[in-house]
Amino acid sequence: MTDKQSAISLWDISAEEKKVDNPMDGDIQAEVAIVGGGFTGLSTALHLGEKGIEAHVLEAETIGHGGSGRNAGLLNAGVWLPPQDVRKELGEEPGKRLVQTLGEAPEYVFSLIEKHQIRCEATRHGTIHAAHAPKGFEDLRRRWEEWQRLGAPVDLLDRDQAAEKIGTKVFHGGLLDHRAGTINPMGYVRGLARAATAAGAKLHTGVRVTKLNREGSGADGGWRLETTRGTVTAKSVILGTNAYSDELWPGLKDTFTIIHYFQLATEPMGDRVEHILKERQGLWDTGSIMFSLRRDAFGRLIIGSMGRVHGGESGLSKRWAARRLRHLFPDLGEVTFEKAWHGQIAMTPDHIPRIHKLAEGLYTPIGYNGRGIAPGTIFGRAMAELLTGGSEDDLPLPITEPKKATSAPIMSRLYDAAFTANQVFKSL
């Protein structure tokens, strides 16, 4: 386990899977180079290894250091949008394919957890999308009607049913998706690293890629990656950096808006929280500034919302979290917070992820809109299939060209200010 002070999240402390530390030393030749040691990169490496291709994963910090290790750990089906809106955005057939693929994604993630015996506190009792207001309940009803038409195991909960599941009468109902569940995301990403290594992948931590150069052309071409620890030459490259993309590929980080999401975890609370999410479903609400709640395997409550942590475990964010918990559970009493953290989310203009072909032999799945676990795993598998003879037509999404989100920097700052103001207002 990691020291609390240096840990990037609660999951960094509590994950049972071992931390990976393996610096790169000297130049490397590889069939496939993968930049980023998160869900996408490690899923790609694992599935390539199972197909007999040795991939090299290059992680600037430690495995799971970015969004994967800071995630809320809600393993959801689908994307941010209702299924009918996905089809409207993408077109009937591409939309239908993405909805089906990501609808089945939690089951696939759970199968990997079982196959590789990944220790990540996995639960399979669903997640609850809770209605913060009557308007939110009507939105949930619309989603439920479409999921019913598609035959998905999703229940619409009335107010009393939601209260029974959640342990509070605050919400106006909810949508219980039985396909979903919760995990310790750092445990899962480290477990993927262990499985990928066993399949033949090479993992390198503490190595930052500083430049990408295309060498040669056509089928004979390849890539030269300059890093802080040497050079890597590879036929193909996958960028699995998502919301943590930097200037490595010019303009890539300008294709989405960065949203921060913060969380605070209480100390283990034992019997005091047994009635809260008693089946350990994860929860998020329909509010425009969303908040989330879950319980881990050790009796901690983890509560979060959009924005950054302000003041660590004892400042503004702590006051927001304490007040929010008192509102939800008046009989809970005083709580002590053990860890606070935040991470980055890549929000696309239409809330749908992307798969970009940046150049010959260079791809990036990106823009998960806060749902990195299932799409990252599935898109990583898809990248492996593509690089071993698959067709671009079989990808979960059509290939698209990167397009600058012109208002992204301004919107990111505006969102940041609004989220901070929300913490202040709801802490009073």
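This table checks each residue for (1) on the phi < 0 side of the Ramachandran plot; (2) in contact with a Gly (Cβ under 6 Å, 6 or more places away or on another chain); (3) in a helix (DSSP H, G or I); (4) buried (at least 20 other Cβ atoms within 10 Å of the Cβ).
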{"site": "Leu176", "(1), (2), (3), (4)": "yes, yes, no, yes"}
{"site": "Val189", "(1), (2), (3), (4)": "yes, yes, yes, yes"}
{"site": "Arg194", "(1), (2), (3), (4)": "yes, no, yes, yes"}
{"site": "Thr197", "(1), (2), (3), (4)": "yes, no, yes, no"}
{"site": "Leu203", "(1), (2), (3), (4)": "yes, no, no, yes"}
{"site": "Asn213", "(1), (2), (3), (4)": "yes, no, no, no"}
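Within segment 117-138, how many residues are assigned to a loop (DSSP other than H, G, I, E, B) and either of a type in the set (Gly, Ala, Ser) or over 20 Å from the mean Cα position of the chain (by Cα) (or both)? Within segment 117-138, residues that are assigned to a loop (DSSP other than H, G, I, E, B) and either of a type in the set (Gly, Ala, Ser) or over 20 Å from the mean Cα position of the chain (by Cα) (or both) number 6. For segment 227-246, state whether one or more residues are over 25 Å from Leu175 (Cβ atoms), free of Cβ contacts under 8 Å to residues at least 60 places away in the same chain, in a loop (DSSP other than H, G, I, E, B) and touching a Gly at 6+ places or on another chain (Cβ under 7 Å). Among the residues of segment 227-246, not one is over 25 Å from Leu175 (Cβ atoms), free of Cβ contacts under 8 Å to residues at least 60 places away in the same chain, in a loop (DSSP other than H, G, I, E, B) and touching a Gly at 6+ places or on another chain (Cβ under 7 Å), which makes the answer no. Exactly one residue out of Ala340, Ala322, Ala346 is aliphatic (A, V, I, L, M), within 30 Å of Ala30 (Cα to Cα) and modelled with pLDDT of 95 or more, and it is Ala346. Ile410 meets all of the listed conditions (1) at pLDDT 95 or above; (2) outside any loop (DSSP other than H, G, I, E, B); (3) more than 29 Å from Glu50 (Cα to Cα); (4) not polar (S, T, N, Q) but one, namely (1).
Residues checked against (1) within 30 Å of Glu104 (Cα to Cα); (2) over 22 Å from the mean Cα position of the chain (by Cα):
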| position | (1), (2) |
| --- | --- |
| Val309 | no, no |
| Gly361 | yes, yes |
| Gly367 | yes, no |
| Ile373 | yes, no |
| Gly380 | yes, no |
| Met383 | yes, no |
| Glu401 | yes, yes |
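Assessment of segment 290-300 against the conditions (closer than 21 Å to Leu140 by Cβ, in contact (Cβ under 8 Å) with a residue 40 or more places away in the chain and surrounded by fewer than 22 Cβ atoms within 10 Å (Cβ to Cβ)) yields at least one matching residue.
Restricting attention to segment 355-401, the residues being under 21 Å from Gly64 (Cα atoms) and touching a residue at least 60 places away in the same chain (Cβ under 8 Å) number 21. Out of all the residues in segment 18-44, which are at pLDDT 95 or above, assigned to a loop (DSSP other than H, G, I, E, B) and either touching a helix residue (DSSP H, G or I) at 6+ places or on another chain (Cβ under 6 Å) or buried (at least 22 other Cβ atoms within 10 Å of the Cβ) (or both)? If the condition is that a residue be at pLDDT 95 or above, assigned to a loop (DSSP other than H, G, I, E, B) and either touching a helix residue (DSSP H, G or I) at 6+ places or on another chain (Cβ under 6 Å) or buried (at least 22 other Cβ atoms within 10 Å of the Cβ) (or both), then Gly36, Gly37, Gly38 are the ones that fit.
Of all residues in segment 10-17, none satisfies being crowded, with 21+ Cβ neighbours inside 10 Å, among the hydrophobic types (A, V, I, L, M, F, W, C) and within 22 Å of Ala219 (Cα to Cα). Would you pick out the residues in segment 153-173 that are touching a helix residue (DSSP H, G or I) at 6+ places or on another chain (Cβ under 6 Å) and at negative phi? Within segment 153-173, Val154, Leu156, Thr168, Lys169, Val170, Phe171, His172 qualify.
The values are calculated or read from the model by the stated rules, or taken from the named source; none is laboratory data. Computed from a predicted model, the values in this text were never measured in an experiment. Cβ coordinates were reconstructed from backbone atoms using ideal geometry, including for glycine residues, and neighbour counts include every protein chain displayed.
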